[in-house]
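Below is one structure; the comments refer to it alone.
The numbers here are math on the coordinates, done by the rules we state, and not lab data. Not measured: the values here are computed from a predicted model. Please note: Cβ atoms are built from the backbone with ideal geometry, for glycine as well, and neighbour counts cover all protein chains shown.
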Amino acid sequence: MSAADESGARAARPRAGARRGEPRSARRRARELALQGIYEWLLNGADAGVVDAHVREQEGFDKSDTAHFDRLLHGVIREAKPIDALLAAHIDRRAELLSPVEHAALMIGSFELLHCIEIPYKVAINEAVELAKSFGGTDGHKYVNGVLDKVAAEVRRIEVEAARAKRD
């Protein structure tokens, strides 16, 4: 995706101070690219295929887990309404009023909690928090963490309760 797409919207980019030089796994790179695509989609409502093509043009796309990228980007776009309905019970404002970066991170985290059972809930939350830290506002990651903790308790109740019982 270029710095500005056809609609003039700015693409999500890591903020200053993001962890540079740190090696990223192919799956984390897939999440970052999916976040950028969902960000574009949230801002201009472009067709998923157009968004997908923009993201695939990014340098380093070939180093991502393309299967997970496809699953996230297309799954989140396809299931945006049910994901936003799930989030609505745990956010303090309408989803449309969230920062697009935080909204995209929450959507990715929620999607993984709902559909990627092979990913432990703590990992799904942590990865969404890392997206918010890298691309979002100063304290957005705290909001993402708090909301996804509540989502996890709802959609992965048994896993969350088992982890809490183990901790106590």
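Miscellaneous remarks
- Per residue, the chain reaches -20500 deg cm²/dmol at 222 nm when only DSSP H runs of four or more residues are counted, each adding -39500 (n - 2.57).
- All-pairs alpha carbon distance profile, the range 61-168, 5 Å steps from 0, percent: 2, 12, 23, 25, 20, 11, 5, 1, 0
- Rounded to 10°, Cα long-axis angle of helix 157-167 versus longest principal axis of the chain: 70 degrees
- Cα centre as origin, Lys/Arg/Asp/Glu Cβ charges: the chain dipole, Debye: 600 debye
- Using θ = phi - 60° and Karplus 6.51 cos²θ - 1.76 cosθ + 1.60, couplings along the range 76-91 (whole Hz; Gly, Pro as x): 5, 5, 5, 10, 4, 5, x, 5, 5, 5, 5, 5, 3, 6, 10, 10
- The C-alpha atoms of the chain define a longest principal axis, and helix 26-44 lies at about 70 degrees to it.
- Length-normalised contact order for the chain - Cα pairs under 8 Å, 6+ apart - percent: 22 percent
- Loop GluC sites (Glu not before Pro), the range 67-168, which have at most 13 other Cβ atoms in a 10 Å radius of their Cβ (DSSP): GLU118
- Dipole axis of the chain (+1 Lys, Arg; -1 Asp, Glu on Cβ), positive-most option in VAL129, SER110, VAL51: VAL129
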